[in-house]
Amino acid sequence: VTRSPAAVVAAAAALEVAQSRPGRLGRDWTPVLEGVPLFRGLSRRDLRRVAALARTKRFAAGSPIVRAGDPGSAFYVILDGKARVTPPSGRPSILRAGDSFGEMALLDGAPRSASVTAAEDVLTMWIGRAGFSKLLRREPQLAHALLGTLAARLRAAERSH
Ligand code: CMP
């Protein structure tokens, strides 16, 4: 079953409220992760592994999630709400449920390239540096999808200059 980002939102919000161990994603999160485009092609078993590496975190509207120039320690996927990416130069853009961010600083070890702020109340799942690295080595489809995102972003940046 491929679910849509809209289904991610509804299911994630309900689950987060219902969960018994706050901040942790148990195996009952698998259907939510099935709706995240980045995780397309991963089996249920793979998704359970992803869930085991991830935690949830909420950000109130207006609060910073990552700041440009800070060292990076986590990769994020938006499960509910919208966030605004503000690169130091270049156009701000909006990220929605199913979108991810924060991979760049983990991949190249350089500081955060942009600030990301909660544009409304946001529910994220995040994976730490070691977990992210493990995931990329284990899941080639996921690495491929992430490269696609980077290529699209590079093209958009070229166009806006
Ligand atoms: P990172 O540099 O770790 O932290 C900020 C994140 O914002 C970055 O990773 C990307 O995931 C994301 N990001 C940076 N620039 C853009 C952009 N121009 N459009 C969309 N997302 C971006």
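Annotation: average projected area of the range 17-82 is 5.5 square nanometres, based on the convex hull of Cα atoms across all directions. Rg and Dmax of the range 85-161, based on Cα coordinates, read 13.2, 36 Å. Rounded to the nearest 500, the 222 nm mean residue ellipticity of the chain from helices alone is -12000 deg cm²/dmol, with -39,500 (n - 2.57) taken per DSSP H run of at least 4 residues.
Springs join every pair of Cα atoms under 10 Å in this Gaussian network model of the chain, and among A143, A74, A14 the largest mean-square fluctuation is at A14.
The dipole here belongs to the range 47-153: it is taken about the Cα centre, uses +1 on the Cβ of Lys and Arg and -1 on the Cβ of Asp and Glu, and is about 240 debye. Per residue, the convex hull spanned by the Cα atoms of the chain measures out at 108 cubic angstrom. Rolling a 1.4 Å probe over the protein heavy atoms of the chain, with every protein chain left in place, gives an accessible area that is 54 percent carbon and sulfur.
Solvent exposure of the range 91-149 amounts to 48 Å² per residue of accessible area, where only protein heavy atoms count and the probe is 1.4 Å. Fully extending the segment from L107 to R129 would add 7.0 nm, taking 0.36 nm per residue of separation and subtracting the current Cα-Cα distance. Available extension along the chain between S93 and D70 is 6.3 nm, counting 0.36 nm per residue and deducting the alpha carbon span. Note on the chain: dipole from Cβ charges, positive end direction compared against G62, A156, A105; the farthest Cα belongs to A105. Each Cα pair under 8 Å and six or more residues apart adds its sequence gap; the mean of these over the residue count of the chain is a relative contact order of 26 percent. With the whole protein complex present, V36 retains an accessible surface near 0 Å², based on a 1.4 Å probe. A Gaussian network model of the chain, with springs between Cα atoms under 10 Å, assigns the largest mean-square fluctuation among I94, I127, I78 to I94. Multiplying the residue separation of R44 and L147 by 0.36 nm and removing their Cα-Cα distance gives an extension gain of 34.8 nm.
The values are calculated or read from the model by the stated rules, or taken from the named source; none is laboratory data. Keep in mind that this is a model prediction, so the values were computed, not measured. Cβ atoms come from the backbone with ideal geometry, glycine included; neighbour counts cover every protein chain shown. When the accessible area is computed, the model is the full protein with side chains, heavy atoms only, and any ligands, DNA or RNA have been set aside. Shrake-Rupley method; radii C 1.70, N 1.55, O 1.52, S 1.80 Å.
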